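Visitor: Quick one: structure below, then a few questions.
The values are calculated or read from the model by the stated rules, or taken from the named source; none is laboratory data. Since the structure is predicted, the reported quantities are computational estimates derived from the model, not experimental observations. Glycine gets a Cβ as well: all are built from the backbone with ideal geometry, and neighbour counts include every protein chain shown.
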Amino acid sequence: MAISSMTFITMSLKELDRNNIINRLLRKEIDGTKAAELLKLSVRQTKRLKAKVKYEGPKGLIHGNRGRPSHNQIPLKEKERIIHLVHKRYYDFKPGFATEKLEESYGILRDPKTIRQIMIDEKIWQPKRKKEKREYRSWRQRKSAYGEMIQFDGSYEYWFEERGHNYCLLAGIDDATGKIAKAKFALHEGVFPVFDFWQEYLKANGKPRAIYLDKFSTYNQNQIVAKENPDTLTQFQRAMEELRIEVIPANSPQAKGRVERLFGTLQDRLIKELRLQKISTISEANTFLEKVFIPKFNQKFSVKPALKANLHDPLSGKEQKSLASIFSRQIKRTVQNDFTFSFKNQWYQLTENQTAIVCKKDTVMVEERLDNAVWVRLKSKYLNYKILPQRPTKLEQKRKSKPWVLPATIKTPYRPAQNHPWRQYRNQQPSTALTNSQV
């Protein structure tokens, strides 16, 4: 007995359901109108499916392109080239960023989904799992105009990977547009780097209406360098108060989510861009940021604000002249009796010729500026001083020395007893007065 050859067809559940309904139609259990209603198709399309199943069987319900290569398939040579480049240069890139670099550097223009699938097949990229439900947080609407509020923070990271140390990137992002207003690499997030950042920002853009920063870790108090500068936040608030810029502290990192997400993006993209450019120094990185990376980033990711106005206020002439003083570490000191004071383990002597009258015990303000120069101010007048090589010696008054006597030779004054005749004599009162005859 010969066994006839059998053909297996793979069908989806939807196609199986359609096959059952068409077979009922062929067996005249239902009419064409009811079959079209069950299939959720038009009567005309139902007739076409009926004809296909009648002459071809269940195979007529399967799409004709199933199993055939797509006409949009990437040529084999181009796919091999993409795989080679991704393994060699973009092995830790995300699919979207890898797609941009392939187009920018090699002229390979492909959809990010195509590159993503290639990276998944090559086990370079793993799709993310769905996030679990987290604590509910309401969305805050963006500010309406550029310069209304700048979100500011710093991020410590190995930005140069093995080519450098753990540096800090200071960055400010505009809340209304999502543009990077300014970004700069620094050794740490202390008083001077932060002041230098904002001094350059104000000179280039003017004063924003408000600065939104982290309440607890804006200056990374858990960093060793920040612990050595406990006055960071106080000095920053004082400087912004002098410039009449509002400082808004955020109660949580999620509250200033735009700058937090910015650092997440920069830690992915900027690190790889610096690697491709072979940049390993802070000066080179800052030049690359200003001239290349930030303009390209803003063009790609910025959004259109609700208002076209620029709310940055220009610096006044007085503020421009006072910037060096405003962005300085300021500490109060008391003038000693010899017109000296100490600052950072160094003693200073106020000279005789001064621009203002200085008295003993006056309180002066010592300004340590960004160029490490020290200025001494009494109210609004700057004083002249000179540095002393050592701490001034105090004049000691000579005291008269008393002769030293052994304890055994010290004599205690004698006190007579209560029944001593001398005490009794002093207590006796004269009974009668003496007459002249008795005398």
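Visitor: Which residue out of L307, L315 is assigned to a loop (DSSP other than H, G, I, E, B) and surrounded by 14 or more Cβ atoms within 10 Å (Cβ to Cβ)?
Guide: After applying the criteria, what remains is L315.
Visitor: Can you tell me which condition F97 does not meet? The list is (1) loosely packed, with under 11 Cβ neighbours inside 10 Å; (2) assigned to a helix (DSSP H, G or I); (3) in contact with an Asp or Glu (Cβ under 9 Å, 6 or more places away or on another chain); (4) of a type outside the set (G, A, S), and all the others hold.
Guide: (1)
Visitor: Let me ask something additional. Is there a residue being surrounded by 12 or more Cβ atoms within 10 Å (Cβ to Cβ), among the acidic types (D, E) and not in a helix (DSSP H, G or I) anywhere in region 287-304? Reasoning before the result, please.
Guide: Let us first name the residues in region 287-304 that are surrounded by 12 or more Cβ atoms within 10 Å (Cβ to Cβ), namely 287-290, 292-298, 301-302.
Subset that is among the acidic types (D, E): 290.
Imposing the further condition that a residue be not in a helix (DSSP H, G or I) reduces the set to none.
Checked region 287-304: no residue is surrounded by 12 or more Cβ atoms within 10 Å (Cβ to Cβ), among the acidic types (D, E) and not in a helix (DSSP H, G or I).
Visitor: Can you say whether L85 is buried (at least 16 other Cβ atoms within 10 Å of the Cβ) and modelled with pLDDT of 90 or more, as far as the supplied structure shows?
Guide: yes
Visitor: Hey, among the residues in region 357-381 that are under 29 Å from the mean Cα position of the chain (by Cα) and part of a strand (DSSP E or B), which one's surrounded by the most Cβ atoms within 10 Å (Cβ to Cβ)?
Guide: E367
Visitor: Scanning for something closer than 30 Å to L266 by Cβ, touching a residue at least 12 places away in the same chain (Cβ under 8 Å), touching a helix residue (DSSP H, G or I) at 6+ places or on another chain (Cβ under 7 Å) and not in a helix (DSSP H, G or I), does region 71-91 turn up at least one residue?
Guide: Yes.
Visitor: I want to confirm something. Restricting to region 203-232 and keeping residues that are in contact with a strand residue (DSSP E or B) (Cβ under 9 Å, 6 or more places away or on another chain), hydrophobic (A, V, I, L, M, F, W, C) and buried (at least 20 other Cβ atoms within 10 Å of the Cβ), which single residue is modelled with the lowest pLDDT?
Guide: Residue satisfying both the conditions and the ranking: L213.
Visitor: Here's a follow-up. What pairs can you find where one residue is in region 173-187 and aromatic (F, W, Y), the other is part of a strand (DSSP E or B), and their Cβ atoms are less than 6 Å apart, with a gap of 6+ or different chains?
Guide: Final answer for the pair search is F185/Y167; F185/L169.
Visitor: Further question on the same structure: Of all residues in region 331-353, which are over 37 Å from the mean Cα position of the chain (by Cα) and either farther than 15 Å from W375 by Cα or surrounded by fewer than 13 Cβ atoms within 10 Å (Cβ to Cβ) (or both)?
Guide: Within region 331-353, Q336, N337, D338, F339, T351, E352, N353 qualify.
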